[in-house]
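Below is one structure, written out as structure tokens, with a few remarks after it.
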Ligand SMILES: *Cc1c(COP(=O)(O)O)cnc(C)c1O
């Protein structure tokens, strides 16, 4: 069986975890959390990076820090994971979904401006498959219309847009280290931002609404409840597991890229014959091989191919059901403009096995099985 995903595990993780346990340092903000944060801050070129228990938690923090209030509107794609939306809904926001681009499955930046009302507060671009949204246009709209930009970079760690790391272009960047992502701590994530003015508020929000971080730095002599917050620190045990991977960031990155490139090469003939569509990486963008997806003619062909691959011992999966057609999406939001691409392409898309350690032989097996499907 070729699995769709196997979470990355680097052997040194066993030592690092034992280290935490032996030292009785298993709560948040320990040595490994600090190591991870420093590394990420360096790598991303973002001055402020905080590990969180999930990307969902990072999005919730961003929603609090942007000061979203009941009745405010947030513009986002419908083709995304529910956490992108839910974090803002929890603050009382109304979701305004706009259509996506067919080439990248990312929010169609040309449709955003028309969806803005005097209630709009934020734009939430999602970098699907670790490929950048058209950030120049989005940031320009945000600047002109005084909106905040929260990047859902859950899938996008290590990808760039015009030389800058995704997640560091807007006001806040939210990353995921869930076990399905490129680097993992089981459940985990990170929040990044560039503007030091958010530091105190971010620390308070992350520490259950208290100014504990200032207390630890000796800036106040006791700590107290200051504002909204929650428990947004992961255990250092999880950070230790992640740290082992961050130490070999490039090895994991290159290994995934080799799989992506093999699929891209090996399936090109089927794309040229018009049987499949392959992912597109726009000019000026580099990606992180988070995902390899194909688009088929329609949902019927997709389901047949998934079933065919399963018979061949290969696990492949579809992806998001558009949020605007889900019960919560209907309750909390509206679709602005026409849904031309979102539903049509979400039904045609499927993802192939891709994880750190997927062997070259396995990739060939997948590529050959897909060819057999179209020959038969
Ligand atoms: C994985 C993912 C999330 C959620 O990440 P968690 O760390 O599981 O909370 C949010 N948005 C997108 C686009 C994702 O892919």
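Laboratory data are not the source of any read-out in this text; all were calculated from the coordinates shown. Note that the structure is predicted; figures quoted are calculated from it, not measured. Glycine also receives a Cβ, built like all others from the backbone with ideal geometry; neighbour counts cover every protein chain displayed.
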Relative to the present Cα-Cα distance, how much length would full extension add between residue 360 and residue 118 at 0.36 nm per residue of separation?
81.8 nm
Looking only at segment 335-376, which residues have a backbone nitrogen under 20 Å from a spot 7 Å from the Cα of residue 300 in the C-beta direction?
343-350, 373-376
GNM of the chain, Cα pairs under 10 angstrom: of 113, 265, 187, the biggest fluctuation goes to 265
Taking the chain and dividing mean pair separation by its residue count, relative contact order in percent (alpha carbons under 8 Å, at least six apart):
24
So which residue, out of 146, 290, 127, gets the largest mean-square fluctuation from a GNM of the chain using Cα contacts under 10 Å as springs?
146
What order do you get for 150, 49 when you list them from fewest to most C-beta neighbours inside 10 Å?
49, 150
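Let me have the relative contact order for segment 308-376, percent, based on Cα pairs under 8 Å that are six or more residues apart.
Numbers: 39 pairs, mean separation 30.3, N = 69.
Relative CO of segment 308-376 lands at 44 percent.
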Given a Förster radius of 35 Å and the C-beta distance between residue 315 and residue 162 as r, what FRET efficiency does 1/(1 + (r/R0)^6) yield to the nearest 0.05?
0.45
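What 222 nm value per residue comes from the helices of the chain, counting each DSSP H run with n ≥ 4 as -39,500 (n - 2.57) and dividing by all residues, nearest 500 deg cm²/dmol?
-11500 deg cm²/dmol
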At q = 0.10, 0.19, 0.21 Å⁻¹, work out log10 I(q)/I(0) for segment 156-243 with the Debye formula, treating every Cα as an identical point scatterer and leaving solvent out; two decimals please.
-0.32, -0.99, -1.09
Of 362, 108, 221, the most mobile residue in a GNM of the chain (C-alpha springs, cutoff 10 Å) is 221
Using alpha carbons only, what's the Rg to Rh ratio of segment 1-133 with Rh from Kirkwood?
1.06
Hypothetical label at residue 43: residues of segment 237-267 whose amide nitrogen lies under 19 Å (7 Å Cα-Cβ projection)
237-260
How large is the translational diffusion coefficient of segment 89-132 in µm² per second when you combine the Kirkwood radius over alpha carbon pairs with Stokes-Einstein at 25 °C and 0.890 mPa s?
210
State whether segment 230-326 is rounded, prolate or oblate according to the following rule on the C-alpha gyration tensor (a ≥ b ≥ c being the square roots of its eigenvalues): a/c under 1.5 gives rounded; otherwise a/b larger than b/c gives prolate, and the remaining case gives oblate.
prolate
For the chain, percent of DSSP beta bridges that are antiparallel (nearest 5) comes out at 55
With a ≥ b ≥ c taken as the square roots of the eigenvalues of the C-alpha gyration tensor of the chain, please select rounded if a/c is under 1.5 and otherwise prolate if a/b is larger than b/c or oblate if it is not?
oblate
For segment 247-376, what relative contact order do you get, as a whole percent, if you take Cα pairs closer than 8 Å and at least 6 residues apart?
34
